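S.K.: Okay, here's the structure, questions in a sec.
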Amino acid sequence: MLPGARTADAALAGKHEVGLKIRKARKERGLTLQQVAAASGLAVSTISKAERGQIALSYEKVLQLGTALDIDMTRLFMAGQASAEPAAEQPTVVKDRFEDVQRYETDQYEYSVLCGAFPGKKMQPLVAMINAREPGDFSETIRHPGQEFVMVLSGRVRVVFENGESVELGKHEAAYFDSGVGHVYVSLSKQPAQVVSVCC
């Protein structure tokens, strides 16, 4: 963990809360499930289940939904009733304390999305706890347009790419890669590994 480990009562963005925000954003835009499915490339059933809080979406699928709904995906993970709409004025800087950042859990990862209050971000910084142990823990590889930077904060991680390449990283080792190539992170440590990642 980072210095100043997260307390047990840190905010958790559960599937239901995120689902309600997705549904709210869709309704505000007057879009049907079918329209969002066509724009995002996701199945209607996947979006419907996400809105009802029945499934936790992967980072890739949240990005696809964010693009389809024309919102910054990180705002879906902000604590409480944070609006999915950008601030009226562009701030110079926003600051987060890791201990206060809301988490979002999937079977493979636990995300903490950083600085979600900054509107129109061109980078997506996050801290992730890697629970996955094998590439087979994933139903599919993760891919999204752009590039990705990762540095290990604790433990040891292997990033496995769909083209057969992989890279192993220990504490404070970093990698930079084409995130359009399908990839997954797996922990090689006894405990889940922790990384900081920036996607653009």
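The values are calculated or read from the model by the stated rules, or taken from the named source; none is laboratory data. Here the structure is a predicted model, which means the values were calculated and not measured. So basically every Cβ, Gly included, is an ideal-geometry build from the backbone, and we count neighbours across all protein chains shown.
S.K.: Has the range 50-68 got any residue that is of a type outside the set (S, T, N, Q), over 17 Å from the mean Cα position of the chain (by Cα) and either buried (at least 20 other Cβ atoms within 10 Å of the Cβ) or modelled with pLDDT of 85 or more (or both)?
M.R.: Checked the range 50-68: at least one residue is of a type outside the set (S, T, N, Q), over 17 Å from the mean Cα position of the chain (by Cα) and either buried (at least 20 other Cβ atoms within 10 Å of the Cβ) or modelled with pLDDT of 85 or more (or both).
S.K.: Are any residues in the range 168-183 touching a Lys or Arg at 6+ places or on another chain (Cβ under 9 Å) and surrounded by 15 or more Cβ atoms within 10 Å (Cβ to Cβ), and if so, which ones?
M.R.: Once the filter is applied, which keeps residues that are touching a Lys or Arg at 6+ places or on another chain (Cβ under 9 Å) and surrounded by 15 or more Cβ atoms within 10 Å (Cβ to Cβ), the range 168-183 yields L169, S179, G182, H183.
S.K.: So which residues in the range 133-166 are in contact (Cβ under 8 Å) with a residue 60 or more places away in the chain, in a loop (DSSP other than H, G, I, E, B) and either surrounded by fewer than 19 Cβ atoms within 10 Å (Cβ to Cβ) or in contact with a Cys (Cβ under 6 Å, 6 or more places away or on another chain) (or both), if there are any at all?
M.R.: Once the filter is applied, which keeps residues that are in contact (Cβ under 8 Å) with a residue 60 or more places away in the chain, in a loop (DSSP other than H, G, I, E, B) and either surrounded by fewer than 19 Cβ atoms within 10 Å (Cβ to Cβ) or in contact with a Cys (Cβ under 6 Å, 6 or more places away or on another chain) (or both), the range 133-166 yields only R143.
S.K.: Given (1) at pLDDT below 85; (2) closer than 20 Å to V196 by Cβ, identify the lone condition not met by G120.
M.R.: (2)
S.K.: Here is a further query. In the range 103-132, what residues are small (G, A, S) and part of a strand (DSSP E or B)?
M.R.: Within the range 103-132, S112, A128 meet the criteria.
S.K.: On the basis of being hydroxyl-bearing (S, T, Y) and at pLDDT 90 or above, does S139 make the cut?
M.R.: Working: hydroxyl-bearing (S, T, Y): yes; at pLDDT 90 or above: no.
No.
S.K.: Which of the residues spanning the range 20-71 are small (G, A, S), more than 25 Å from H183 (Cα to Cα) and assigned to a helix (DSSP H, G or I)? It would help to see each step written out before you state the result.
M.R.: Step one: list which residues in the range 20-71 are small (G, A, S), which gives 25, 30, 37-41, 43, 45, 48, 50, 53, 56, 58, 66, 68.
Within this subset, residues satisfying the condition of being more than 25 Å from H183 (Cα to Cα) are 25, 30, 48, 53.
Within the range 20-71, A25, S48 meet the criteria.
S.K.: Something else now. Within the range 189-197, is even one residue in contact with a helix residue (DSSP H, G or I) (Cβ under 7 Å, 6 or more places away or on another chain) and in contact (Cβ under 8 Å) with a residue 60 or more places away in the chain?
M.R.: No.
S.K.: Separate question: Can you tell me which residue is nearest to D70 (Cα to Cα) among those in the range 92-144 that are small (G, A, S) and more than 11 Å from the chain's Cα centre (by Cα)?
M.R.: Out of the qualifying residues, it is G120.
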